[in-house]
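One structure is given here, and the rest of the page talks about it.
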Protein chains: 2
Amino acid sequence: MKKGNKYGTHRVIEPKGALPQPALKISNDIEIFDNEILINVDYLNIDSASFTQLKEEAEGDIGKVKAKIMEIVNERGKMQNPVTGSGGMLIGNVEKIGDSIKEKVKIKEGDKIATLVSLSLTPLRIDEIIDIKPDIDRVEIKGKAILFESGIYAKLPDDMKSTLALAALDVAGAPAQVKQLVKSGNTVLILGATGKSGLMCSYVAKKLVGKKGKVIGQARNDARAEFLRNTEFCDEIIIADVLYPVEVLEKTLDANNGQEVDLTINCLSIPNTEMSSILPVRDGGTVYFFSMATSFTKAALGAEGVGKDVTMIIGNGYTKNHDKIALDVLRESKVLRKIFEEKYTGN
Amino acid sequence: MKKGNKYGTHRVIEPKGALPQPALKISNDIEIFDNEILINVDYLNIDSASFTQLKEEAEGDIGKVKAKIMEIVNERGKMQNPVTGSGGMLIGNVEKIGDSIKEKVKIKEGDKIATLVSLSLTPLRIDEIIDIKPDIDRVEIKGKAILFESGIYAKLPDDMKSTLALAALDVAGAPAQVKQLVKSGNTVLILGATGKSGLMCSYVAKKLVGKKGKVIGQARNDARAEFLRNTEFCDEIIIADVLYPVEVLEKTLDANNGQEVDLTINCLSIPNTEMSSILPVRDGGTVYFFSMATSFTKAALGAEGVGKDVTMIIGNGYTKNHDKIALDVLRESKVLRKIFEEKYTGN
């Protein structure tokens, strides 16, 4: 077997010397290098921002979404949406492990795993798209993928279905970072609280803020607000259009005795919500952007433009033990597990 | 006078209900609202990422850059680069102050000020472009601009030329945030250490890390490295191409006894340098992106892709007292002041 680079640079075709994620094209040749893992893929879980974009471009036509996915993967050697830059993750069985890492890894051939690195840097070959479930951003395929030595993954647990575990692992970075950021007594605004990562963040934040703190969840209409209310994950719920920052600010102030919040967590997957995240935060507070639709310049210049001295954090998909944290949240909360089973597993 | 919104939403033409920064088009009518300030503009200082893009698009032809600036301002009512999304700042004299804020503000008509909010949200009318100094990203114009109530600005100091103060204020967010981030004993890598914000950050970081810490400055070639060495702002200097993350990593490790650093500060103004910032940082460390050319998704997915548990911060152009901090740095360091006078004031 040929010797590979830890970060997978040996697969980059264009531009030379780049890492696989920013690269325009990588090799999806299924002959593995000595430090790679070959995966027989069952499903792709397309990143929410990417899938939304694909659906919009195809005007809801799933046949066109299918064709576009094939086109992207054939062109780039990976499922990286050229508009959003984002990917997603996948689930499959370990088919082969490179010689130089065989003794080091905690998995063996035949194990079912989920890759926790983005599809935006994962070599992928699709032989056939079997089915697309647009409501849960899932694409069932026949194909192979490659995991680099630096790539992270989780062996799927025995106490839940793989589709359920995947749904949780897909947003695992969010609850893990909420655990690091939220302190007892904090007031936390969660934008997109009714979505997959939003629900998880709300649940974790509520536990951490305690009785003296407050979690305010944003929903986009009455029905979503009612659904969120029933979870009891939030202390207060506001109904607001996130594209109107001044509206979000005013409703947040109403829900928080006229005070700005300590922290906003943006779990939305739509663009132009930077200011709705920044405006409600007090000077010295924090904005955590988990949304892949976030624009760096809009956030940086937006905060400056309104003279807000806030710390803005780019949501990192990886935090130590994030897989365990996310799966434990589902084990802990029956309400959350039920929602995840009903809404995000396609059963 | 008509009553205006604190954040300037009354000037947004398209899309309705947006804030001025993300808006596609705002009104640059010079009749002011009751909470606005009218400025008679002398210079624009175009954001470095924006100016680089404009020059590249114009293939170095300054006449074309001029035409493009006029086109952007006529179309959008503000100098916001449509590709980078960024703006810059301006200098001028206070021509008129709205009735409702006259008593509150600390400036009076006739004062010379620099606006510290981005041009990307500042209503601007250009009557004529008098001169462009491409080496210092400065555009001399005849024109007017409007400052909103939430807008921040600095009255220009008496102990230095306005061009010098402007050069410092333009990057004032960076040293102020370095002051908050860097602790005694830290190892800090500064990418783009030979540039305007990089030099300031290096100087401030060196003071803060103390004798047990280390500041490693990156330069792109021998000449720049020699220049940086002469400033004595860095403990170690590496020459590396920032588009090659693995090269940056290896040279940083060489300069730091094989150890990863606690913090990277990205002061570059070129795209695709996210991984060069992330790779050299230890798990649990911090990456501070001051570069407006940063891509949110490349940073978020990049860190995940290599399994790095790092905190990534979006450089906020505003931090409390950032104007004073930046000007004080120039007052304190004769070396830095001399460099700024020679390189960034166009004299």
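Here are a few things to note about the model shown:
- Residue pairs whose Cβ atoms lie under 7 Å apart, sitting 6 or more positions apart in sequence or on different chains, and linking a residue in region A:232-256 that is away from every other protein chain (no Cβ under 13 Å) to a partner that is open to solvent by 20 Å² or more (accessible area, probe 1.4 Å) and acidic (Asp, Glu), are A:Ile239/A:Asp222; A:Ala255/A:Glu236.
- Residues that are of a type in the set (A, V, I, L, M) and open to solvent by 10 Å² or more (accessible area, probe 1.4 Å), drawn from region B:263-274: B:Leu268, B:Ile270
- Residue under evaluation B:Ile91, criteria (1) in contact (Cβ under 8 Å) with a residue 60 or more places away in the chain; (2) open to solvent by 10 Å² or more (accessible area, probe 1.4 Å), criterion not met: (2)
- Condition broken by A:Lys308, with the remaining ones in (1) crowded, with 19+ Cβ neighbours inside 10 Å; (2) under 24 Å from the mean Cα position of the chain (by Cα); (3) within 13 Å of chain B (Cβ to nearest Cβ) satisfied: (2)
- So A:Thr273, is it polar (S, T, N, Q), touching a residue at least 12 places away in the same chain (Cβ under 8 Å) and facing chain B (nearest Cβ under 7 Å): no
- When B:Glu250 is tested against (1) at pLDDT 95 or above; (2) surrounded by fewer than 18 Cβ atoms within 10 Å (Cβ to Cβ); (3) closer than 30 Å to B:Gly305 by Cα, exactly one condition is not met: (1).
- For A:Asp29: the one exception among (1) crowded, with 24+ Cβ neighbours inside 10 Å; (2) under 20 Å from A:Glu75 (Cα atoms); (3) not hydroxyl-bearing (Ser, Thr, Tyr): (1)
- Where a residue in region B:52-69 is among the acidic types (Asp, Glu) and its partner, wherever it lies, is surrounded by 14 or more Cβ atoms within 10 Å (Cβ to Cβ), with Cβ under 9 Å and at least six apart: B:Glu57/B:Lys64; B:Glu57/B:Val65; B:Glu57/B:Lys68; B:Asp61/B:Lys55
- Residue check, B:Ile313 surrounded by fewer than 24 Cβ atoms within 10 Å (Cβ to Cβ) and at the interface with another protein chain (Cβ under 9 Å from one of its Cβ atoms): yes
- A Cβ distance below 6 Å, combined with a sequence gap of six or more or placement on separate chains, defines the contacts here; from region B:155-168, residues that are more than 23 Å from B:Ile37 (Cα to Cα) reach residues that are part of a loop (DSSP other than H, G, I, E, B) and open to solvent by less than 20 Å² (accessible area, probe 1.4 Å) in the pairs B:Leu164/B:Thr345.
Condition check ((1) under 13 Å from A:Cys267 (Cα atoms); (2) open to solvent by 10 Å² or more (accessible area, probe 1.4 Å); (3) aromatic (Phe, Trp, Tyr); (4) in contact with a Lys or Arg (Cβ under 8 Å, 6 or more places away or on another chain)) across all residues:
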position	(1), (2), (3), (4)
A:Gly195	yes, yes, no, no
A:Leu199	yes, no, no, no
A:Lys212	no, yes, no, no
A:Ala219	yes, no, no, no
A:Asp222	no, yes, no, no
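- Test result for A:Asp42, within 12 Å of chain B (Cβ to nearest Cβ), crowded, with 17+ Cβ neighbours inside 10 Å and touching a strand residue (DSSP E or B) at 6+ places or on another chain (Cβ under 7 Å): no
- Candidate set: region B:323-334, residues that are assigned to a helix (DSSP H, G or I) and open to solvent by less than 20 Å² (accessible area, probe 1.4 Å); chosen: the one nearest to the other protein chains (Cβ to nearest Cβ): B:Ala326
- Odd one out for B:Arg337 among (1) surrounded by fewer than 24 Cβ atoms within 10 Å (Cβ to Cβ); (2) touching a residue at least 60 places away in the same chain (Cβ under 8 Å); (3) within 11 Å of chain A (Cβ to nearest Cβ): (3)
- Against the conditions (1) crowded, with 21+ Cβ neighbours inside 10 Å; (2) away from chain B (no Cβ under 14 Å); (3) among the hydrophobic types (A, V, I, L, M, F, W, C); (4) under 23 Å from A:Glu342 (Cα atoms), A:Val182 satisfies every one except (4).
- Considering region A:137-169, the residues that are at pLDDT 95 or above and open to solvent by less than 10 Å² (accessible area, probe 1.4 Å) include one that is farthest from A:Lys112 (Cα to Cα), namely A:Val139.
- Restricting region A:284-299 to residues that are open to solvent by 20 Å² or more (accessible area, probe 1.4 Å) and more than 7 Å from chain B (Cβ to nearest Cβ) leaves a set whose member that is nearest to the chain's Cα centre (by Cα) is A:Phe290.
- Strands (runs of 3 or more DSSP E) fully within region B:151-223 counting 3 or more residues that are farther than 20 Å from B:Pro280 by Cα: B:153-155
- Some residue of region A:94-113 being crowded, with 23+ Cβ neighbours inside 10 Å and under 22 Å from B:Lys308 (Cα atoms): no
- Subset of region A:224-234 [in a loop (DSSP other than H, G, I, E, B) and buried (at least 19 other Cβ atoms within 10 Å of the Cβ)]: A:Phe233, A:Cys234
The values are calculated or read from the model by the stated rules, or taken from the named source; none is laboratory data. The shown structure was predicted, so the numbers you read here are calculated from the model rather than taken from an experiment. Neighbour counts run over all protein chains shown; Cβ positions are idealised from the backbone, glycine included. Heads up: the accessible areas ignore ligands, DNA and RNA and are worked out on the full protein's heavy atoms, side chains in. Shrake-Rupley method; radii C 1.70, N 1.55, O 1.52, S 1.80 Å.
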